[in-house]
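The values are calculated or read from the model by the stated rules, or taken from the named source; none is laboratory data. The structure displayed is predicted, hence computed values, not measured ones. Every residue, glycine among them, receives a Cβ derived from its backbone with ideal geometry; neighbour counts consider all protein chains shown. Quick note on the areas: whole protein, heavy atoms, side chains included, nothing else; ligands and nucleic acids left out. Shrake-Rupley method; radii C 1.70, N 1.55, O 1.52, S 1.80 Å.
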Amino acid sequence: MEHIFTDLAALVAGWVSGSPQWVQTLVMGCLYLIGVLTFIFLNCIFLIYLERKVSAYIQQRLGPNRVGPRGILQPVADALKLLGKEDIIPEKADHWVFRLAPIIILVPAIMVFAVIPFGKNMIPVDLNIGVFYFLAVASTTTLAILMGGWSSNNKYALLGSMRAVAQIVSYEVPLAFSILGVVMIAGSLKTSQIVAAQENYWFILLQPLGFLIYFIAATAEVNRAPFDLVEGEQEIIAGPFIEYTGMRFALFYLAEYANLVAVSCLGVTLFLGGWHGPWLPSWLWFLIKVYILIFVFMWTRWTFPRIRIDHFLDFNWKVLLPLALVNILLTGIGLKLYQYITLGVW
Amino acid sequence: MLQQYAIIGIFLLGAVGTAVGSIVVNWLVRPKPEPKGDKRATYECGLETIGPTWVQFKARYFLYALVFLLFDVETIFLYPWAVGFQELGFLAFVEMMIFIGILALGLWYAWKEEGLKWL
């Protein structure tokens, strides 16, 4: 079981081993892409179901239970329904930008998975700037939300996208700083090396504050409650996505869930030991940890009420950012002390 | 090295292809008559929308962008430093702390001048 995916990749690599270099790269790239796309789509389909069930049980309801046994086919029904919907573009909208936004939002959501180590030797591209690549690509999501909100020519959509920019841009700073502690300990930006450094102890033990900051900032980055000011159904009726229908709307939600999976994957890679674990295959361990983290995200979503935007941004600049700086300072002092004790040099 | 970025490029093209592909499938499956009339009106509160949407917006968002820029540039300096932290020695640590201190001073100033206050 452990080597099922790596063996598959080796098999395909064996078939094309005689071809020129660029053919090999192309074939392997496409293979990784198909793997990642399958991973994203299966997870998104399952997450739609999971979210509805978890929210239902938290609110003491049953949730979807009509389509298939225990409502398990509900996301399939949803997807088919959205696929067959007509495509309404508002008259006053900026047509080209309106059409482009859902395409652009999906691109970073898929691209960030390129550096995630899904299991032992199961990383599509082991970039030497892995974590930095993740942050850089993920930050372009803001652009797509702003495009969608602006081009809809709807006041709620514009409000939502303005909030999105203020929120995502603000929370990017503590997010980047919380990861810094891990990078200092691991001494590398390669995700594979960060996981390898956690063989004996997970970094959450050394970086509890960093993990907390990462978790809060990541919740804000993926626009989930209690920080879902961008959508805010009760005040600005789904914000930037309000004018979208059918498949374009589905793409926004697909990207949202893909982003949730992505930040959970990164969280597991950086703080929860990645694919390390006893007995079970490494990729299964990775999946289990990712789902535990996703469950905590959902739990948070259905437990806390939405925060007001001024409180929310104050919290970022006046609490989270200073805390993140203190975390870097503490990590630095701790590491230097450790070096002094074990090696005798600063 | 270049090969790795070629795979990133494949991911980029594949992501665009997935998004465009799903919209094409939608185009194949959906009812063909183009929606018209009230269906294409702006959806706000059920009433006709009043006034233009694309207006000048308050500068509060701009201030956040400025503070963000400051710290984002700092991030670029901090990442290489963090990678080499264990080899760099004690002096580099102190230097970086002075650097962060100066930026924290800037944050404190923005705070004092109420640049972080949401109006």
**Request:** With label points built 7 Å along Cα→Cβ from the Cα atoms of A:D310 and B:L2, find their separation and express it in nm.
**Result:** 5.7
**Prompt:** Given the protein chains as shown and a 1.4 Å probe, how many square angstrom of A:W202 are accessible, to the nearest 10?
**Reply:** 100
**Complete:** Within the under-9-Å Cβ sphere about A:R301, not counting A:R301, Lys/Arg +1 and Asp/Glu -1 give a net charge of -1
**Gaussian network model of chain A, Cα within-10 Å springs - most flexible of A:I40, A:I179, A:I292** = A:I292
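Over chain B, give the accessible area per residue in Å² for a 1.4 Å probe, as an integer. The partial results should precede the final answer.
Working: 7610 Å² over 119 residues.
Ligands and nucleic acids excluded, the result is 64 Å² per residue.
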**Protein accessible surface hidden between B and A, which excludes ligands and nucleic acids, total in Å², probe 1.4 Å** = 7000
**FRET E, pair A:L73, B:V73, Förster distance 56 Å, beta-carbon r, rounded to 0.05** = 0.65
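Sorted by accessible area (1.4 Å probe), largest first, how do A:Y214, B:Y61 line up?
Descending order: B:Y61, A:Y214.
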**Complete:** Rounded to the nearest 0.05, FRET efficiency between B:F99 and A:L143 (Cβ-Cβ, R0 30 Å) equals 0.55
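Expressed as a whole percentage, what fraction of the accessible surface of segment B:2-112 belongs to carbon and sulfur atoms when a 1.4 Å probe is rolled over the protein heavy atoms? Before the final figure, lay out the partial values.
Values: 5110 of 6990 Å².
For segment B:2-112, the apolar C and S fraction of the accessible surface comes to 73 percent.
When Lys and Arg each count +1 and Asp and Glu each count -1, what net charge do the other residues less than 10 Å away from A:Y49, Cβ to Cβ, add up to? Could the numbers behind the result be given before it?
On the way: positive: A:R52, A:K53, A:R70; negative: A:E51, A:D78.
Surrounding charge for A:Y49 is +1.
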**Asked** When all protein chains stay in place, what accessible area (Å², nearest 10, 1.4 Å probe) is found for B:E113?
**Response** 100
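When the chain is fully extended, how far beyond the present Cα-Cα distance does A:M1 get from A:V27, taking 0.36 nm per residue of separation? Display every interim value, and only then the final one.
Working: separation 26, 0.36 × 26 = 9.36 nm, distance 2.40 nm.
Contour length minus the Cα-Cα distance gives 7.0 nm.
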**Prompt:** Roughly how many whole Å is it from the C-alpha centroid of segment A:1-33 to that of segment A:56-87?
**Reply:** 37
**Request:** Would you mind checking segment A:130-168 for residues with the amide N under 18 Å from a putative spin-label position 7 Å along Cα→C-beta of B:V55?
**Result:** A:150-163
**Proximal aspartates and glutamates relative to A:K120, as straight alpha-carbon distance under 18 Å, when same-chain residues fewer than 8 apart are discounted** = A:E2, A:D7, A:E199
**Asked** In square angstrom, rounded to the nearest 10, how much accessible surface does A:T219 have for a 1.4 Å probe?
**Response** 0
**Message:** Take A:W15 and A:L205, extend 7 Å from each Cα along the Cα→Cβ direction, and tell me the distance between the two endpoints in nm.
**Reply:** 4.4
**Message:** With angles folded into 0 to 90 degrees, how steeply does helix B:90-112 sit against the dominant principal axis of chain B? Use alpha carbons for both and round to 10.
**Reply:** 50
**Item:** Sorted largest first, extent of the protein assembly as shown alpha carbons per principal axis (Å)
**Value:** 78, 65, 49
**Prompt:** In segment A:297-318, which residues give up 50 Å² or more of accessible area once the other protein chains are added, compared with their chain alone (1.4 Å probe)?
**Reply:** A:W317, A:K318
**Asked** Quick one: helix B:2-29 against the long Cα principal axis of chain B, what's the angle to the nearest 10°, folded into 0 to 90?
**Response** 20
**Asked** segment B:45-74: which residues show an accessible-area loss of 40 Å² or more, assembly versus chain alone, 1.4 Å probe?
**Response** B:T53, B:W54, B:F57, B:Y61, B:Y64, B:F68, B:F71
**Request:** Compute the label zone of A:Y340 within segment B:69-92: residues whose backbone N is under 17 Å from the point 7 Å along Cα-to-Cβ.
**Result:** B:86-92
